[in-house]
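The structure appears right after this line, and notes come after that.
The values are calculated or read from the model by the stated rules, or taken from the named source; none is laboratory data. Bear in mind that the values here come from a model prediction, so they are computed numbers and not experimental data. Cβ sites come from the backbone with ideal geometry, for glycine too, and all protein chains shown count toward neighbours. Keep in mind that these areas ignore ligands, DNA and RNA; they rest on the heavy atoms of the full protein, side chains included. Shrake-Rupley method; radii C 1.70, N 1.55, O 1.52, S 1.80 Å.
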Amino acid sequence: MTDTNAPRGFETRAVHAGQAFDPTTGAVIPPVHFSTTYAQDGIGGLRQGYEYGRSGNPTRAALEAQLAALEGGAHGLSFASGLAAEDALLRSVLTPGDEVLLGSDVYGGTYRLLARVLAPWGIGLRIVDMSDLAAVGAALAERPARILWVETPSNPMLHISDIAGLAQLGHDAGALVVVDNTFASPALQQPLSLGADVVVHSTTKYLGGHSDVVGGALILNDDALYEQAKFHQFAVGAVSGPLDAWLTTRGIKTLAVRMQRHSENAQAVAEFLDAHPKVARVHYPGLLAHPGHELAARQMRGFGGIVSAELADAASARRLAESTTLFQLAESLGGVESLMNYPDAMTHASVRGTELAVPEQLVRLSVGIETVDDLIADLDQALSAL
């Protein structure tokens, strides 16, 4: 992108941000820089700031520029995993005695990080329904929180939270407002534009998009907080490797078209499940009956590729999860292939017995980009066998 000040559409930014052609050969795809160290022009004479692979790498820097452009932020940081990104942010902001106000329906790994890793070091944790602004306001009025941690759509119940409303409440109470945007991706939702302070991603999911690379990201505007998080990225060292960064960059270039297909297919799957007699309830913000439908329609450009469904009981849910063929039984989400997950025993096993426990009769579908009639037929045969 030769004129970085010119306004660009999302799809253009996804393809071109941080992706200038190689000046030596003219290669339109920037090279992958595998070097761990960089020659200096005299002691301290760094070339473009590079000295050692943990502190900086040109391939990672290109991805970080791409991430910032996608979310409309000033700064991006790329990590070895989504939890590494979360950990760096939490270490940058919190000190013993601080509290995090966490949504009642979030990724189990986020809860585990806070409750089992950071809590013993003096970090407090409170749970609230983030889709209920009154409940959040009451919790903040009861006592302050250093961080308001928001996930919308939430994992796995697909609750929708009002980012702008929560940002106002959080800022009025002196809290940093963090939004995990993994489920929506920046193609569908950009929390910074709605008032959030920091966006978190597991880039393993929709940004990478092909189930072949693990990574995480932070995107933010605050210069001082960026420097703190960047220091923790360097000092703790959980950085994305050059090939991981390159694979994520390659995935991002098709993000917009993939998210369109994910959303279209998920809408069709949700409508099929909603009408099926063996399905008790469907959670998908694209359904008119979803309590967050109107809010999602306002703050998102599509409803995403995740559908959760409740069966009659836990046994039925487990049988369904083990009976599909195109929907593969696996952890994670956001790849081009469709996946089936039983959260209670898989992604959310760490929150069993807590306020964040997932219904045992729930399955979560990551709807891929396959022919949607084939996906529905696969679900139909599995449901018919129950």
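Evaluated on the chain, the Kirkwood hydrodynamic radius is 21.5 Å, with distances taken between all distinct Cα atoms. Using the Cβ-Cβ distance between K278 and D132 with R0 = 30 Å, the FRET efficiency computed as 1/(1 + (r/R0)^6) comes to roughly 0.45.
GNM on the chain, alpha-carbon springs under 10 angstrom: the most fluctuating residue among H293, H75, H283 is H293. Placing a pseudo-label 7 Å from each Cα along the Cα-to-Cβ vector at W121 and Q228 gives an inter-label distance of 1.3 nm.
Beyond 15 Å, what percent of the Cα pairs of the stretch 169-236 remain?
Numbers: 1340 of 2278 pairs.
In whole percent, the long-distance tail amounts to 59.
Springs join every pair of Cα atoms under 10 Å in this Gaussian network model of the chain, and among D374, D87, D197 the largest mean-square fluctuation is at D374.
Keeping all protein chains in place, calculate the accessible area per residue for the chain (probe 1.4 angstrom), answer in Å².
Working: 15950 Å² over 386 residues.
I get 41 Å² per residue for this part.
Between L77, G9, A196, the Cα set farthest toward the positive side of the dipole of the chain (charges on each charged residue's Cβ, about the Cα centre) is that of L77. Applying 1/(1 + (r/R0)^6) with r as the Cβ-Cβ distance of R8 and Q48 and R0 = 30 angstrom yields a FRET efficiency of 0.80.
List the chymotrypsin sites (Phe, Trp or Tyr not before Pro) within the stretch 1-73 that fall in a DSSP loop (any state other than H, G, I, E or B) and whose Cβ has at most 15 other Cβ atoms within 10 Å. List each step's numbers first, then the result.
Values: sites: F10, F21, F34, Y38, Y50, Y52; in loops: F21, F34, Y38.
Taking the stretch 1-73 and a limit of 15 other Cβ atoms within 10 Å, the loop chymotrypsin sites (Phe, Trp or Tyr not before Pro) found are F21, F34.
The distance linking the stretch 255-331 with the stretch 9-79 is 37 Å (Cα centroid to Cα centroid, whole angstrom). What distance in nm separates the two pseudo spin-label positions at A289 and T371, each 7 Å out from Cα along the beta-carbon direction? Going from the A289 label point to the T371 one covers 3.0 nm. Secondary-structure-derived ellipticity at 222 nm for the chain, considering helices only, amounts to -10500 deg cm²/dmol, per-run term -39500 (n - 2.57) for DSSP H runs with n ≥ 4.
How large, in percent, is the carbon and sulfur part of the accessible surface of the stretch 261-324 at a probe radius of 1.4 Å?
On the way: 1420 of 2880 Å².
Carbon-and-sulfur percentage of accessible area, whole number: 49.
Computed from the C-beta positions of A314 and E355 and an R0 of 25 Å, the FRET efficiency is 0.80 to the nearest 0.05. With the chain treated as a Gaussian network of Cα nodes joined by springs under 10 Å, which of V117, V128, V178 yields the largest mean-square fluctuation? Its mean-square fluctuation being the largest, the pick is V117. Counting Cα-Cα pairs of the stretch 84-230 in 5 Å increments starting at 0 gives whole-percent bin shares of 2, 10, 21, 24, 23, 14, 5, 1, 0.
Working with all protein chains in place, sort T36, T152 by solvent-accessible area computed with a 1.4 Å probe, largest first.
On the way: T36 90, T152 0 Å².
If we order T36, T152 from most to least accessible, we get T36, T152.
Ligands, DNA and RNA excluded, the heavy atoms of S323 present near 40 Å² of accessible surface to a 1.4 Å solvent probe. Lysines within cross-link reach of K230: Cα-Cα under 29 Å, excluding same-chain residues under 8 positions apart? Partners found: K205, K253. Residues within the reach of a label modelled at T24 (point 7 angstrom out along Cα to beta-carbon, backbone nitrogen below 14 Å), restricted to the stretch 44-62, are 58-59. Counting only heavy atoms of the protein chains and using a 1.4 Å probe, K253 has close to 50 Å² of accessible surface.
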